[in-house]
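Quick notes on the structure that follows.
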Amino acid sequence: MARVQTRAIDTGTLKLDVTYAYNVEKRQWIKFVHPGSKSPTDRQNRVPFSNCALQVNVPTSETDVYDITLIGTGLDTNDPIFTREILGAKNNQLLRSLPHKTVNRVVLPSLHFLHAGGLIVYNNRGDAEPVCPNAEYIIPRGEWDAAMGNNGYHQNSYREVRQNLKKLQKLGVPITLVDDIEAEVGPGIVMECHGGVTPANSTVSINCGSEKLVVSPLLFPSQFHIDPFVQFGFGEHQAKAYEAKYSLLERAERERSTLFFAMDPARTAVYIDRDRDGNFVGTPSDILSQHDPFVN
């Protein structure tokens, strides 16, 4: 029987000021850059990031037919934040690489504008359409409530996404809100809600046969942030993100699962180990190339 296919899809790039986003000075950030990395800070203390969505094709009982899940939709460069606070953004390229009409479901583990952009596209007539017109959209209820509510703290994270969610509703798109802390949201795909940076952002794990591939907003933005102490967010949210991230890294080490860094331009995936001082470190994994249908 055919095996599970996974493919990281580039959805755009941006340059983010690490002092603004993480309160990390340039001299501190350099400590998190791996040897040979092509992503050091520039003179403005900005770091280039990409943001990949993950396409998961699970074989069905029918020959050459796959059940297709899209995890995340990447950047939304129409969001006002890109014109004021984030420079060097390039447009979302999702539609160029995705068989969008055959996607069965779109899983949105976070509704932050970096992970749930591009939900709405416009046809040649200028009419709004869902990015995946025949898909069910699966969202943690806590994320939905935060995005659609009036809490001022969350407004910056859900600006354009909130409007796009309302458009999905108006278009009659099937939206499923997940209440469970842990739920199977697709064949071999489990979403686990933990909160942190946003109220209910979730980790998604994909059963790839002998291995498990994990993608999580907690790994924001890249492998430079394996250190749990470096985390986006402020106050209570940052503390929750630290706790959830530490737990995720411990589990990945224990279960020998592979973590995928969706915001790393190199599309890195790693196993988690410890160095001599007990700190978490990443050991390269080739799981993405093993399961990418365009590589094998």
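Just so you know, all these numbers are worked out from the coordinates, no wet-lab data involved. Here the structure is a predicted model, which means the values were calculated and not measured. Positions of Cβ are generated from backbone atoms using ideal geometry, with glycine treated the same way; all protein chains shown enter the neighbour counts.
One decimal place: the segment residue 62-residue 274 gains 72.0 nm when fully extended, by the rule 0.36 nm per residue minus the C-alpha distance. Sorted on the mean count of surrounding Cβ atoms within 10 Å across their residues, most packed first, peptides 248-256, 263-271 read 263-271, 248-256.
In this structure, the amide hydrogen of residue 12, modeled 1.01 Å from its nitrogen in the peptide plane, lies closer than 5 angstrom to those of 51, 93, counting only residues at least 5 positions away or on a different chain. The residues packed around residue 184, meaning those with a beta-carbon under 13 Å from its beta-carbon, carry a net charge of -3 if Lys and Arg are +1 and Asp and Glu are -1.
Take 107-114, 165-172, 200-207 and order them by the average number of nearby Cβ atoms within 10 Å per residue, most first; the result is 107-114, 200-207, 165-172. Peptides 276-284, 133-141 ordered by packing proxy, namely the average of other Cβ atoms within 10 Å per residue, highest first: 133-141, 276-284. Across region 185-199, rounded Karplus estimates of 3J(HN,Hα) from the backbone phi angles (6.51 cos²θ - 1.76 cosθ + 1.60, θ = phi - 60°) give 10, x, x, x, 10, 10, 10, 10, 7, 9, x, x, 4, 10, x Hz, Gly and Pro being marked x. The phi torsions of region 130-143, fed into the Karplus equation with coefficients 6.51, -1.76 and 1.60 and a -60° offset, translate into couplings of x, 4, 10, x, 10, 9, 8, 9, 10, 9, x, 4, x, 5 Hz, rounded to whole numbers, with Gly and Pro shown as x. Extending 7 Å from the Cα toward the beta-carbon at both residue 125 and residue 292 defines two label points whose distance is 3.8 nm. Taking amide H atoms as placed 1.01 Å from N in the peptide plane, the amide H of residue 185 lies under 5 Å from those of 190, 191, each 5 or more residues away in sequence or on another chain.
Each residue, residue 180 and residue 251, gets one label point 7 Å from its Cα in the Cβ direction; the gap between the two is 1.4 nm. Taking amide H as placed 1.01 Å from N in the peptide plane, the amide H of residue 196 sits under 5 Å from that of 201, each at least 5 places away or on another chain.
Fully extending the segment from residue 2 to residue 97 would add 32.0 nm, taking 0.36 nm per residue of separation and subtracting the current Cα-Cα distance.
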